[in-house]
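So the structure is just underneath, and the comments pick up after that.
The values are calculated or read from the model by the stated rules, or taken from the named source; none is laboratory data. All of these numbers come straight from a predicted model, not from anything done at the bench. With ideal geometry, Cβ positions are generated from the backbone for all residues, glycine too; neighbour counts draw on all protein chains shown. Ligands, DNA and RNA are excluded from the accessible area calculation, which covers all protein heavy atoms including side chains. Shrake-Rupley method; radii C 1.70, N 1.55, O 1.52, S 1.80 Å.
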Amino acid sequence: MRIYLIRHGSTAGNLEHRYVGTTDEELTADAVQKLRLLRAYYPVPDCVFASPLKRCVQTARILFPELRSETSDGLRECAFGDFEYRNYRELQENKEYQKWIDSGGNMAFPGGESRAEFTFRCCAAFEACCRQALAENRDSAAFVVHGGTIMAILDRYSRPHRDYFDWQTENAQGYQGNLVMRQCPEEICIENPVPLLHDTGPVGIEDQYVMKQNRKLRCGYTTGSCAAAAARAASEMLLSGRPCDSVDLLTPGGITLHLPVQGQHICSTYAKCGVRKYGGDDPDATDGLLICARAEFVHEPQDHIQEQKEGRCGDICQGTAEHNDPQILIEGGAGVGRVTKPGLEQPVGAAAINRVPREMIAREAAEACEAYGYPGKIRITISVPGGAETAKKTFNPHIGIEGGISILGTSGIVVPMSEEALLASIRLEMQQKYADGERFLLVTPGNYGEDFIRRTEFSRALDAEHSMKCSNYVGETVEMAAELGFFGILFVAHIGKFIKVSGGIMNTHSARADCRAELIAAQALRAAASRQGKQLRQSADSQPGLCDRDGRPWLRDEESQPELWQDSGSSSEMLTLVLRLLAANTTEESVGILREAGILDITVDEIVQRIKFHLQKHCEGRIRTEVVLYSSQFGYLGESDGAEEMIEEIAEWRNRQENER
């Protein structure tokens, strides 16, 4: 069994050269980024064991996101006792520390473990984990542990043997070797342990970034780029019979990537490998997934295989293949989604591998075939370990892609926090719904809106599972829906998000605008003034001779309004209310203030009508828009005047669809 001993990434204490033993601190932000870049070079084990301390669990999760690590208490770092979380500078005057130094590190740490005790504990845990892995027929196992743990294990088991301090290793580095367990005589050893990482040169993405709010955000590379590179490597391994450690890939965006290849496996009829996805600073659920490609002969070419074995086809030929070469068949395997609804780029039943990635995969595989002089057909199957579980965190379940992630990308490069990518996802979901016959959209800014629908009486008429999210992009969502031909949109939104729309703000992100308190105060003032004015007009109608404070008669048309406040007491009360609203920390607090003042209902009515007005103004009346507002604390607040009718229309469509099924 192949053994990989990996030291965790750096912590703050490591950077200050402290004795970090039992202290349970997390990785630094820079260490996380370094691990994300380095993980493309790590071997892919069959199983992972880790120390239970945070720095090791974090490292294991970053390096091997598709595998669940099993923790063992015995793999913890040494207990440094009185020296815990102190460094040489702080200890240099300590007499006990000097004694420990003079002992060559053999003396027990004061209040902590001796090297013998520590080594015994680590090795017992290591042996137990190895026996478990062998019993489960694992071919390889990774141990994500501490520097001291690695030193203890290799001091005991390394062959040829080297001493404890000879096995020191940097953070995020380690060793690999073959585990041998003999019964007669009973012996466990790790044969020929060597450093784990060798060539970790630049990938080609390191200098690619965008500026957002005066910050450099790193770019990454897409699942499509990973799939194409893995297809190239798998094809070359199949045709040459030799491992491929890296691939140079020219992306459609013109950037050349030097991508490490992992998990290589070669046999007579197929070859398989993978390339790790790196999303840069983009908050991408697929970051770190291993995108695998399996290349196999469609019709086994015995003559060509024999030529390869005899060395008569070993030289690479020059030339460029057409990327649409029909000899390359592309399929989706485990972890790659399947299209189940019309309206998407690929037809129903096809693997969710988009057009540009398909072209990239076909081109790379075809060029490998031409390079090795192979004229036959090759099947490329793309798979993603952990893809089915990861897909639940993406848009796929909402747009009719089931069973896995999509293989995506147009430029081959991931641009971090790309509004264009998110808007494209919203448009894609709309297109799928339109193709499925929907003409009214149920839209929420996020998950809270869906939860509100599920737990209230709205669930009788509205199906939260058929809703879609618009995030902060209210204006763009309305524009796209109108462009695609939808009849109407019903927004179900929290007042804290949509109070901004009542002021004509169509992107509700706080970085764009945050005037929630001001808008709630303005709408409350407008609502109260409207009610006061209505009362005064009614009073004027019943008393024809009623005049204002200057003796002018009140007019009864819409051009002239009576004064709002008839005495200083009313004005003072309203001013106090407005000041309380402006000082509120949250919209939930504001709702409570309005409720206490007895004007919540009229204020919400003013808000929803203002929201509807601005939505209609934004889309120039090309699509109907209605809104339902709610509060997390107070529940349902109100709705626009046409919301009930649209809810009925949405329910009718839903019932009709269910009956047709």
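Might you report the magnitude of the Cβ-based charge dipole of the chain about its Cα centre, with Lys and Arg at +1 and Asp and Glu at -1, to the nearest 20 debye?
That gives a dipole near 460 debye.
Be a star and scan region 1-15 for residues whose amide nitrogen sits under 19 Å from the point 7 Å along the Cα-to-Cβ vector of Arg138.
It comes to 1-9, nothing else.
Compute the length gained on full extension between Leu579 and Asp248: take 0.36 nm times their separation in residues and subtract their Cα-Cα distance, giving the result in nm to one decimal.
Gain on stretching Leu579 to Asp248: 112.9 nm.
At a Förster radius of 22 Å, what calculated FRET efficiency corresponds to the Cβ-Cβ distance of Glu658 and Lys393, to the nearest 0.05?
Computed FRET efficiency for Glu658 and Lys393 comes out at 0.20.
Taking the highest mean first, how do the peptides 571-584, 268-281 order by number of other beta carbon atoms within 10 angstrom per residue?
Packing order, densest peptide first, comes out as 268-281, 571-584.
Rounded, prolate or oblate: which one fits the chain, using the alpha carbon gyration tensor with axes a ≥ b ≥ c (rounded when a/c is under 1.5, else prolate when a/b beats b/c, else oblate)?
Since a/c reaches 1.5 but b/c is at least a/b, the shape of the chain is classed as oblate.
Taking the alpha-carbon centroid of each part, what is the distance from region 361-381 to region 604-640 in angstrom?
Computed from Cα coordinates, the inter-centre distance equals 56 Å.
Could you tell me what percent of the accessible area of the chain is made up of carbon and sulfur, with a 1.4 Å probe and every protein chain present?
Solvent-exposed carbon and sulfur of the chain make up 47 percent of the total.
Can you tell me the dipole magnitude for region 90-149 around its Cα centre, using point charges on the Cβ only (Lys, Arg +1; Asp, Glu -1), in Debye to the nearest 20?
160
Leaving out ligands and nucleic acids, note down the accessible area per residue over the chain with a 1.4 angstrom probe, in whole Å².
Solvent-accessible surface per residue comes out at 47 Å².
Straight-line reach from Lys617: which aspartates and glutamates have a Cα under 14 Å away, not including same-chain ones fewer than 8 places off?
Within the straight-line limit of under 14 Å, Lys617 reaches these aspartates and glutamates: Glu476, Glu479, Glu626.
Find the centroid of the Cα atoms in region 94-130 and in region 60-80, then give the distance between the two in whole Å.
So the two Cα centres are separated by 20 Å.
Highest first, please rank the peptides 396-406, 218-228, 115-125 by the mean number of other Cβ atoms sitting within 10 Å of their residues.
Answer by packing, highest mean first, reads 218-228, 396-406, 115-125.
How much length is gained if the chain between Glu589 and Asp436 is pulled fully straight, taking 0.36 nm per residue apart and subtracting their Cα-Cα distance, in nm to one decimal?
Extra length from Glu589 to Asp436 when fully extended: 50.9 nm.
Here is the link list: Lys216/Lys497; Lys54/Lys469; Lys393/Lys612; Lys393/Lys469. Which ones come out longer than 25 Å on Cα distance?
Listed pairs above 25 Å: Lys216/Lys497; Lys54/Lys469; Lys393/Lys612.
Can you classify region 575-627 as rounded, prolate or oblate using the Cα gyration tensor, where a ≥ b ≥ c are the square roots of its eigenvalues, rounded means a/c under 1.5, and otherwise it's prolate if a/b beats b/c and oblate if not?
Prolate, because a/c is 1.5 or more and a/b exceeds b/c.
Show me 587-595, 448-456 ranked by packing, highest mean number of other Cβ atoms within 10 Å first.
587-595, 448-456
Suppose the chain between Asn87 and Leu484 were pulled fully straight at 0.36 nm per residue; how much longer would it get relative to their current alpha carbon spacing?
That works out to 136.5 nm of additional length.
Please give me the summed charge of the neighbours of Lys612: other residues whose Cβ is under 12 Å from its Cβ, Lys and Arg +1, Asp and Glu -1.
-2
Summing -39500 (n - 2.57) over the DSSP H runs of n ≥ 4 in the chain and dividing by its residue number, what mean residue ellipticity at 222 nm do you reach, to the nearest 500 deg cm²/dmol?
-12000 deg cm²/dmol
Among Ile499, Ala229, Leu422, which residue has its Cα furthest toward the positive end of the charge dipole of the chain, with +1 on Lys/Arg Cβ and -1 on Asp/Glu Cβ?
With unit charges placed on the Cβ atoms, the residue in question is Ala229.
Just to verify a number: FRET efficiency for Ser572 and His17, C-beta to C-beta distance, R0 = 56 Å, to 0.05?
Once rounded, the FRET efficiency stands at 0.30.
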